[in-house]
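A.B. asks: Following this message is one structure expressed as structure tokens.
The values are calculated or read from the model by the stated rules, or taken from the named source; none is laboratory data. The shown structure was predicted, so the numbers you read here are calculated from the model rather than taken from an experiment. All Cβ positions, glycine included, derive from the backbone under ideal geometry; neighbour counts span all protein chains shown. In case anyone asks, the SASA skips ligands and DNA or RNA and just uses the protein heavy atoms, side chains included. Shrake-Rupley method; radii C 1.70, N 1.55, O 1.52, S 1.80 Å.
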Amino acid sequence: MTYQDTVNYLFNCYPVFEHVGGSAYKEGLDNTISLDNYFHHPHQSYKTIHVAGTNGKGSCSHTLAAILRQAGYKVGLYTSPHLVDFRERIRVNGECISKERVIQFVEEHRGFFEPLHPSFFELTTALAFLYFKEQNVDVAVIEVGLGGRLDCTNIISPLLSIITNISLDHTQFLGNTLDKIAGEKAGIIKPGIPVVIGEALPETRPVFERVAAKQQAEITFAESHPEVISSELHHVGGITYKTRNYGTFQAELGGEYQVKNTNTVLAAINVLRRSNPGKGALLNLSEENVRDGFAHVSALTGFMGRWQTLRTSPTVVCDTGHNVGGWQHLARQIKAQSCQTLRIVFGMVDDKDIDGVMNLLPPDAVYYWTQASSKRAIPAQGIQERGRKHNLHGATYSTVAEAYRQALTDARADDFIFIGGSSYIVADLLSLNDF
């Protein structure tokens, strides 16, 4: 098979949550354990850091990987979903897994895994863990796919667990209250392994405290020990931070929501750097490593799609924020832009709180309603109808490319164009590759 044949096989033969939604979700770890036994527990060959949460997982995971690289470690990074190419999910020192290795994995092992009928994510996780062992990584940053307790990444025994935050998302699988969702995310807390909580709410903090106490795991609430003293967002991108222990530094990632992610990452770094009696630090990370990692996340890890400026005159920014928790920050930052006309290319998928997000959108923008190529995308006309109920107005476009190019045609040099609403909208945009 060619690489494209192989990717099509993975996407079409095994349920992919990003494509078909809930029917791809498999509760339980039976398949994961079978695959792990078959490959002889490859994740036990290197150190890991486990990252869960509703929002911010990707930013925190990529930033941690960048810092670890600057410290001289060989770093594996496993994230989802991808934006342009499947191989983005599995990286070593910022380089995607090769096409040849993906082909080889399927050809060599399909005889074992086909009778299991695993999900796409179960197979991808097995490939990632095996590849990191083959590449002799020192440490791998592993992002949870969905939830935590029953996520197939949850077979690892990490140096540190991180839960970025909790908000209402994937409620059909994780529960319809914040405390129920927190209970699922808290499932990554392991016996005796420290855990950092990025943001806690009155409904979620007791859940984390209870699980950590039961597991005898040291718990750190990043908000209770804030590293970030002040922050300044820059119009052209990036943020300058003043911190307690890492001085003043420039961070590349520029979304307003990154301030909380930065505080979470720095709390995690403090735990990783702290000396344990008779054992030394979990990892050797200098202050310079931390500052350099924050400054060069994209170059070090290939990170895309988080308040990413694609061009100026007019300014074009995309972001993968796709739920109310993310849009509470995005909406403020979009509304704060100084521009002649605000233009928003927007679409969503069918399992999100569409009305909750639309309540946050600016009514004075010109909208370009569209739909991603995902089967889960809400048709542009459906998005338009929902928008009208919120006093949001614009025309419909059948593809992201058509909507974006029309926005560019309409825009003047001092306009601001935002593209988002879904990871899949941004994926289609970045696939154009004509910026």
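A.B. asks: Considering only residues that are among the polar types (S, T, N, Q) and free of Cβ contacts under 8 Å to residues at least 12 places away in the same chain, which ones fall in region 400-411?
C.D. replies: Initially, region 400-411 is screened for residues among the polar types (S, T, N, Q), giving 406, 409.
Selection gives 409 alone.
A.B. asks: All but one of (1) without any contact (Cβ under 8 Å) to a residue 60 or more places away in the chain; (2) outside the structural domain of residue 218 (by the TED database); (3) more than 30 Å from residue 434 (Cα to Cα) hold for residue 353; state the number of the condition that does not hold.
C.D. replies: (1)
A.B. asks: What are the pairs, 6+ residues apart or on separate chains, where a residue within region 239-259 that is acidic (Asp, Glu) has its Cβ under 7 Å from a residue that is assigned to a strand (DSSP E or B)?
C.D. replies: That search, which allows pairs on different chains as well, returns 256/233.
A.B. asks: Which numbered condition in (1) among the hydrophobic types (A, V, I, L, M, F, W, C); (2) closer than 17 Å to residue 406 by Cβ; (3) touching a helix residue (DSSP H, G or I) at 6+ places or on another chain (Cβ under 7 Å) is the only one that residue 361 fails?
C.D. replies: Evaluating residue 361 over (1) among the hydrophobic types (A, V, I, L, M, F, W, C); (2) closer than 17 Å to residue 406 by Cβ; (3) touching a helix residue (DSSP H, G or I) at 6+ places or on another chain (Cβ under 7 Å) leaves (2) as the failure.
A.B. asks: Determine if region 257-271 includes at least one residue that is assigned to a helix (DSSP H, G or I), among the charged types (D, E, K, R), more than 26 Å from residue 357 (Cβ to Cβ) and not assigned by the TED database to the domain that holds residue 426. I'd like the intermediate steps shown before the answer.
C.D. replies: We begin by selecting, within region 257-271, every residue assigned to a helix (DSSP H, G or I); these are 258-271.
Right, trim to among the charged types (D, E, K, R) and you get 260.
If we keep only those that are more than 26 Å from residue 357 (Cβ to Cβ) as well, we get none.
So far as region 257-271 goes, no, none of its residues is assigned to a helix (DSSP H, G or I), among the charged types (D, E, K, R), more than 26 Å from residue 357 (Cβ to Cβ) and not assigned by the TED database to the domain that holds residue 426.
A.B. asks: Is it the case, given these coordinates, that residue 73 is on the phi < 0 side of the Ramachandran plot and at pLDDT below 95?
C.D. replies: It is false that residue 73 is on the phi < 0 side of the Ramachandran plot and at pLDDT below 95.
A.B. asks: Moving on. How many residues are more than 13 Å from residue 343 (Cα to Cα) and in a helix (DSSP H, G or I) when one looks only at region 410-435?
C.D. replies: 10
A.B. asks: In addition: Taking only pairs six or more apart or across chains, which ones have beta-carbon atoms under 6 Å, a first residue in region 412-426 that is in the same structural domain as residue 354 (by the TED database) and surrounded by fewer than 20 Cβ atoms within 10 Å (Cβ to Cβ), and a second residue that is of a type in the set (Ser, Thr, Tyr) and part of a loop (DSSP other than H, G, I, E, B)?
C.D. replies: Filtered contacts from region 412-426: 413/313.
A.B. asks: Residue 290 - would you say it is assigned by the TED database to the domain that holds residue 68, open to solvent by 10 Å² or more (accessible area, probe 1.4 Å), in contact (Cβ under 8 Å) with a residue 60 or more places away in the chain and closer than 30 Å to residue 95 by Cα?
C.D. replies: The answer is no for residue 290.
A.B. asks: If residue 106 passes every condition in (1) within 21 Å of residue 139 (Cα to Cα); (2) in a helix (DSSP H, G or I) but one, which one does it miss?
C.D. replies: Unmet condition: (1).
A.B. asks: Restricting attention to region 247-258, does a residue exist that is within 25 Å of residue 333 (Cα to Cα), open to solvent by 30 Å² or more (accessible area, probe 1.4 Å), modelled with pLDDT under 95 and of a type in the set (D, E, K, R)?
C.D. replies: Yes, there is a match, as at least one residue in region 247-258 is within 25 Å of residue 333 (Cα to Cα), open to solvent by 30 Å² or more (accessible area, probe 1.4 Å), modelled with pLDDT under 95 and of a type in the set (D, E, K, R).
A.B. asks: Sticking with this one: Looking at residue 263, is it touching a Gly at 6+ places or on another chain (Cβ under 8 Å), among the polar types (S, T, N, Q) and open to solvent by 10 Å² or more (accessible area, probe 1.4 Å)?
C.D. replies: So residue 263 passes the test.
A.B. asks: Also, quick follow-up: How do the pairs read when you match residues in region 73-88 that are free of Cβ contacts under 8 Å to residues at least 60 places away in the same chain and under 13 Å from residue 302 (Cβ atoms) with residues anywhere that are surrounded by fewer than 19 Cβ atoms within 10 Å (Cβ to Cβ) and of a type in the set (A, V, I, L, M), using Cβ under 9 Å and keeping only pairs 6 or more apart or on different chains?
C.D. replies: 85/7; 87/7
A.B. asks: Counting only residues that are touching an Asp or Glu at 6+ places or on another chain (Cβ under 8 Å), modelled with pLDDT of 95 or more and surrounded by fewer than 20 Cβ atoms within 10 Å (Cβ to Cβ), how many does region 359-385 have?
C.D. replies: Number of matching residues: 1.
A.B. asks: Would you please name the residue that is nearest to residue 167 (Cα to Cα), looking only at residues in region 286-342 that are among the hydroxyl-bearing types (Ser, Thr, Tyr) and within 19 Å of the chain's Cα centre (by Cα)?
C.D. replies: Step by step, filter region 286-342, then rank; the result is 320.
A.B. asks: Continuing with the same structure: When only residues in region 112-137 that are modelled with pLDDT under 95 and farther than 18 Å from residue 43 by Cα count, which is surrounded by the fewest Cβ atoms within 10 Å (Cβ to Cβ)?
C.D. replies: Here the answer is 115.
A.B. asks: Considering only region 47-101, state which residues are of a type in the set (Lys, Arg) and open to solvent by less than 10 Å² (accessible area, probe 1.4 Å).
C.D. replies: 89
Yes or no, residue by residue, for (1) over 19 Å from residue 267 (Cβ atoms); (2) in contact (Cβ under 8 Å) with a residue 12 or more places away in the chain:
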position	(1), (2)
115	yes, no
125	yes, yes
129	yes, yes
132	yes, yes
153	yes, yes
156	yes, yes
161	no, yes
201	no, yes
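A.B. asks: Now, a different point. Can you name the number of the only condition in (1) open to solvent by less than 10 Å² (accessible area, probe 1.4 Å); (2) under 28 Å from residue 11 (Cβ atoms); (3) in contact with a Leu (Cβ under 9 Å, 6 or more places away or on another chain); (4) not basic (Lys, Arg) that residue 431 fails?
C.D. replies: Exception for residue 431: condition (1).
A.B. asks: Considering only region 317-343, state which residues are closer than 18 Å to residue 396 by Cα and surrounded by 23 or more Cβ atoms within 10 Å (Cβ to Cβ).
C.D. replies: Across region 317-343, the qualifying residue is only 343.
A.B. asks: Could we say that residue 191 is open to solvent by 50 Å² or more (accessible area, probe 1.4 Å) and assigned to a loop (DSSP other than H, G, I, E, B) here? I'd like the intermediate steps shown before the answer.
C.D. replies: Values: open to solvent by 50 Å² or more (accessible area, probe 1.4 Å): yes; assigned to a loop (DSSP other than H, G, I, E, B): yes.
Considered against the rule, which asks whether it is open to solvent by 50 Å² or more (accessible area, probe 1.4 Å) and assigned to a loop (DSSP other than H, G, I, E, B), residue 191 comes out as yes.
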